């Protein structure tokens, strides 16, 4: 138990140290920016071995810390309010059924286009559409297939499905349950 308590103290100290150092770095960068002639700050930051993005993050920490108080467990990203990778993924635009159908049509052309030029044009469209939704073409296609599982059917299969569904809609609930039971029994006998 004492090892756990000791380590907890070390974790808190390391967290505080990291954020305090980031705060101090940010203060120094704010001062550097104030002293650097217009347009020279980015070059000065890169000459110091930092990226401009990291410098902005440090400066944000310096501006955010009030009286040296902050969450000891926070990372710099969490401390300055940057979204996590999971939050960024959730923030991606949702794909509608209409978008999914369009993506699947384009993907069909990518896979089965009549000419190479048609397939390349379709691939370009699919790439652009996927980018709009913050996904790769494969991710977009997989999500679209989940939203529209029957989109990949042939015209004949789609026609058969429509016919069967029309017949099933005329049945009562008890008739449908009986049909399901019969199919389950047949399926279990075939195994």
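Could you rank the peptides 38-50, 136-148, 166-178 by their average count of other C-beta atoms within 10 Å per residue, with the highest value first? Display every interim value, and only then the final one.
On the way: 38-50: 12.2, 136-148: 16.7, 166-178: 9.5.
Highest to lowest by the protection proxy: 136-148, 38-50, 166-178.
Mean projection of the alpha-carbon convex hull of region 97-147 over all orientations, in nm²? Intermediate values should be presented prior to the final figure.
Working: hull surface 12.0 nm².
Seen from a random direction, the Cα hull of region 97-147 projects 3.0 nm² on average.
FYI, it's all coordinate maths here, none of it is from the lab. Because the structure is a prediction, the values reported are computed rather than measured. Heads up, the Cβs are rebuilt from the backbone with ideal geometry, glycines too, and the neighbour counts pull from every protein chain shown.
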